[in-house]
1. Using Cβ counts within 10 Å as a stand-in for footprinting exposure, how do PHE302, PHE315, PHE340 rank, fewest first?
2. How large is ³J(HN,Hα) for each residue in the range 24-38, as worked out from phi by the Karplus curve 6.51 cos²θ - 1.76 cosθ + 1.60 (θ = phi - 60°), to whole Hz, x for Gly and Pro?
3. In percent, what relative contact order does the range 163-278 have, based on Cα pairs under 8 Å that are 6 or more apart in sequence?
4. Picking from SER238, PRO196, LEU168, whose Cα lies most toward the positive end of the charge dipole for the range 160-266 (charges on Cβ: Lys, Arg +1; Asp, Glu -1)?
5. For the range 72-213, take every pair of Cα atoms, bin their distances at 10 Å starting from 0, and report each bin as a whole percent.
6. Exposed loop sites here are GluC sites (Glu not before Pro) in DSSP loop states with at most 16 other C-beta atoms within 10 Å. What is the longest stretch of the chain lacking them?
7. Can you compute the helix-only [θ] at 222 nm over the chain? Use -39500 (n - 2.57) per DSSP H run of at least 4 residues, normalise by all residues, nearest 500 deg cm²/dmol.
8. Per 0.36 nm of contour for each residue apart, how much would the distance between ARG409 and ASN245 grow if the chain were fully extended, relative to their Cα-Cα spacing?
Amino acid sequence: MQAFTAAFLAALTASTAIRWWLATRHMRHIAAHREKVPDEFSERISIESHQKAADYSQAKTRIGMLEALAGAATLLALTLGGGLQALSDSWAAMFERGGYAHGIALIMSMTVVTGVIDLPFSLYRTFSIEARFGFNRTTLALYFIDMLKQSLIGILLGIPLLFCVLWLMTGMGEAWWLWVWATWIAFNLLVLAIYPTLIAPLFNTFKPLEDAQLRTRIEALLAKCGFRAQGLYVMDSSRRSSHGNAYFTGFGRWRRIVFFDTLLTRLSGPEVEAVLAHELGHFMHRHVAKRIAMLFVGSFCFLALLGWLIGTDWFYSGLNVQTPSTAMALALFVMIIPVFMFPLQPLASLYSRSHEYEADAYAAAHAAPQDLVHALVKLYQDNAATLTPDPLHSAWYDSHPPAALRIARLQSLAVRPADVSAAGATT
């Protein structure tokens, strides 16, 4: 067995085992606290809601464990099992091996194979788990219509990008990865620009916020924070789910603020304002820009690594590939890199949670902290988010702080009106 093969198997085994270990810890911890609402939430969340959240979290964790096994098995089948090589050989009967058509067909067929394997899990999650706990409102027809639209968008955007990448990998010499990196950056910025007006409306209806009182409240908050948006919109998320949320989309003059209709029906005006203040905190602290910058730095490092691996024989032979090509190298790299990056997941989660705390602090300075607390408690209850996650599981995966820690931090951030004015003057 080659050294790289052994390293790959060790990393895959370790990551899968850790996933299962964390999942079992998480379920045991939730089960141990299922019968009692945490004291800090006992006056606001009923035991029935708490138990529903526990059962919902455990159901999602169980299916996640099965997905981890299926993902590991699929990865083994496509690499050491010879699946990618078999796909390459089958397309070689139609297209010149190593050519652009062959490479695009190889990567697209790999995407289809993994998508087909993931489909049963997605269907079960939507029509069994989400339906069982009263969240799903998606019909089977709408589900497959969405899938068709996503596939068409993937084809229209993905194939030209893939052709461009393969062309650069083939024709730009040893520095090809720098050209690919620049192309990747431009592509991501393009998608960010066109998503609000060209892509998102294909899936949902966006209408201007009609509640005059709420609009006035929000516009006053935006003016105080110095934030300009193209508009305030309400999205018909209730067509698919009862979960509620709000978000910013686009950048520059294309920025939009979008509220789920399910959120507006559940929260009061002051609570909506507090939630929006939290989202504004992300913007004012440049969290989105920082994450995009990290994405670009990460892609730079990954492409540099691929630029080195693509010329080594052991990279291909160690993964049971006999006919190397630029497309094969790209496919192999995209599949295996998450396995080796898995140990860095806690650092990414920690970084994200620090952003959430910063956004909460900003919200506490520009809206009433208790309004955000009330909004979060409602959202925890409505979305059946567990109040008692396993601490290690949460530290490894969660992008948001656990409910108890987040609420406690917010309650400590209560500020006087004078403090609010001072904070507004310095941001």
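1. On the way: PHE302 17, PHE315 20, PHE340 14.
Listing PHE302, PHE315, PHE340 from fewest to most nearby Cβ atoms yields PHE340, PHE302, PHE315.
2. 5, 4, 4, 5, 5, 5, 5, 4, 5, 10, 5, 8, 9, 6, x
3. Working: 123 pairs, mean separation 25.6, N = 116.
After rounding, I find 22 percent.
4. SER238
5. For the range 72-213, the binned pair fractions read 9, 25, 33, 23, 8, 2, 0 percent.
6. Details: sites that count: GLU35, GLU43, GLU96, GLU210.
In the chain, the maximal stretch lacking such sites is 211-427.
7. Details: 17 runs with 291 residues, N = 427.
That calculation yields -23000 deg cm²/dmol at 222 nm.
8. Working: separation 164, 0.36 × 164 = 59.04 nm, distance 2.12 nm.
That works out to 56.9 nm of additional length.
FYI, it's all coordinate maths here, none of it is from the lab. These numbers were taken from a predicted model, which means no experiment stands behind them. Here Cβ is always computed from backbone atoms with ideal geometry, including for glycine, and neighbour counts include all displayed protein chains.
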